[in-house]
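Below: the structure, in structure tokens.
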Amino acid sequence: MKILIVGGGGREHALAWKLARDRQRPTLFCAPGNAGTVELGTNLAIAAADIDGLLNWARREKPDLTVIGPEDPLYAGLVDLLQADGLRAFGPCRAAAQLEGSKLFAKSILQAAGVPTARYRSFSEPEAAIAYVRTAPLPLVIKADGLAAGKGVLVCRERQEAEKAVITTMVHQSFGAAGRTILVEECLEGEEVSVLALVDGCKAILLPSAQDHKRALDGDQGLNTGGMGAYSPAPMETPAFRKMVLDTIFNPTLKELRRRNITYRGVLYAGLMLTAAGPRVLEFNCRFGDPETQAILPRLKGDLIPAMEACIDVNLMPEHAACRPEACVCVVMTAGGYPGAYRKGDAITGLKEAAALSETFVFHAGTKLEGGQIVTSGGRVLGVTALGRTLSQTAEKAYQAVERITFQDAHYRRDIAAKGIKRNRG
Ligand code: AMP
Ligand code: GLY
């Protein structure tokens, strides 16, 4: 069996790692992959955004399955294009990927479905947006409508900051066309949790929950990043919580999509804020999360190929998402300076020593092979991941592995999973 994985980050290395262990022993191709995926298959020099390049390769090589990691190719309609050529792909079609591709579309679905989310107003004229943020109650959240690589959300605690956010997003278009329309949302308070589900067009089956750490520094300080680490299960996960999330968030959302003749297949990721008044949807993503995937897939009991095929063939069953009882912790090591400017091309050492610890996996993100050596090539460099009996033992082990790895100016948070550990003790 031949599988094409689209993307080249930590999520895609984790997907390749899980797929490589599948009973069917697939042959893997990654476009473009990284220095980690090289060890599991063949890297192709095709960027994840190069739709024509991907399509030409797939038409020629006829993969049995294409697994798409990032949102851009999904929102560009790669699944639709592959399907039109009779090729099987895991991920939502373009119409369904609008749940992530347009926050305004997601809001219209949520409202019609009666799913709780932050109150908002949308604007496509900067003057009207500025007039609104001058009087609306603070704090406010300004969001670009379109895809902005996870950076299009600005939480503003002061009025001047909110006005500036409107101007940079709408007038200076710092997130490009994604910011031509914005949403101004009420700011919600609470703990965040990522709940991902496999969806086959009819049913949703929840994967293990996870908690991400978006800020760059310990104690949730510093700038927003793509994610500095994740752990699973999230401490609030109980059978009752899972049932509530399925009944009040996933099922009504999918029902409303179906009512609009949109079939969702693939992974649907709900970013939730657990407010005092109950969970609220902050956002939907139409794909696996990064770094949540690195903390979720090692906990998955069964193989991933049958689960992905069941999503395509409309026969998902609870076994497809069955999970192991162990906890999983992923600590992201970044290049110093990230999410601002950072160095590239520094040699990485200690990878084998780190992976030698029991049930410890080093997922590569921004790495590449250069002259036979693995060097840094992106902001998020590695996702050092451990599986273990308790959350605190597992976090300890993940950090032991992190300490075995070195590269110039490496940075990582020292408190990944700390909230969960505190709550478990609590
Ligand atoms: P998003 O890309 O929509 O998930 O937003 C990125 C991050 O911004 C979220 O993970 C939250 O931490 C924060 N955020 C988004 N919307 C809100 C909101 N309405 N209230 C408070 N924080 C928010
Ligand atoms: N971890 C957040 C995301 O994947 O969007």
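Bear in mind these aren't lab numbers, they're just calculated from the coordinates by the rules spelled out. A quick note: this is a predicted structure, and the numbers were derived from the prediction, not measured. Cβ sites come from the backbone with ideal geometry, for glycine too, and all protein chains shown count toward neighbours.
Structure notes:
- The spread of Cα positions in region 312-408, taken along each principal axis and listed from longest to shortest, comes to 45, 35, 28 Å.
- In terms of overall dimensions, region 1-155 has a Cα radius of gyration and Dmax of 19.3, 60 angstrom.
- Computing Rg and the Kirkwood Rh from the Cα coordinates of region 382-424 gives a ratio, Rg/Rh, of 0.99.
- Global form of region 201-277, assessed from the alpha-carbon gyration tensor, a/c cut-off 1.5: prolate
- Set of lysines near K164 by C-alpha distance (under 17 Å), chain-local residues within fewer than 8 positions excluded: K143, K151
- Over all distinct Cα-Cα pairs of the chain, the Kirkwood formula returns a hydrodynamic radius of 21.8 Å.
- Three-way shape call for region 264-358 based on the alpha-carbon gyration tensor, with the a/c threshold at 1.5: oblate
- Normalised by the number of residues in the chain, the mean separation of alpha-carbon contacts (under 8 Å, six or more apart) gives a relative contact order of 16 percent.
- Rg ratio for region 74-191: its Cα radius of gyration over 2.2 N^0.38 Å, N being its residue count, equals 1.20.
- Most mobile of C311, C328, C202 in a GNM of the chain (Cα contacts under 10 Å): C202
- DSSP bridge pairs, the chain: antiparallel proportion in percent, nearest 5: 80
- Rule-of-thumb Rg ratio for region 40-99 [Cα; 2.2 N^0.38 Å; N residues]: 1.05
- For region 222-307, averaging the sequence separation of C-alpha pairs within contact (under 8 Å, six or more residues apart) and dividing by the residue count gives a relative contact order of 32 percent.
- Bins of 10 Å from zero: percent of alpha-carbon pairs in region 352-426: 18, 47, 27, 8, 1, 0
- Averaging the Cα positions of each part gives two centres, and for region 1-79 and region 153-217 these lie 27 Å apart.
- Using the rule -39500 (n - 2.57) for each DSSP H run of four or more residues, divided by the residues of the chain, the 222 nm mean residue ellipticity is -8500 deg cm²/dmol.
- Pairs of Cα atoms nearer than 8 Å and 6+ residues apart set the relative contact order; for region 355-426 it is 26 percent.
- The C-alpha atoms of region 215-328 occupy a region whose extents along the principal axes are 43, 32, 27 Å, arranged from largest to smallest.
- Using the Karplus relation 6.51 cos²θ - 1.76 cosθ + 1.60 with θ = phi - 60°, the per-residue 3J(HN,Hα) values for region 352-357 come to 5, 4, 5, 6, 6, 5 Hz, with x marking Gly and Pro.
- Sorted ascending by nearby beta carbons within 10 Å, beginning with the fewest, W17, W57 become W57, W17.
- Translational diffusion coefficient (Stokes-Einstein; Kirkwood radius from C-alpha pairs) of region 66-132 at 4 °C, 1.567 mPa s, in µm²/s: 93
- Global geometry of region 104-166, whether rounded, prolate or oblate, following the gyration tensor of its Cα atoms and the 1.5 cut on a/c: prolate
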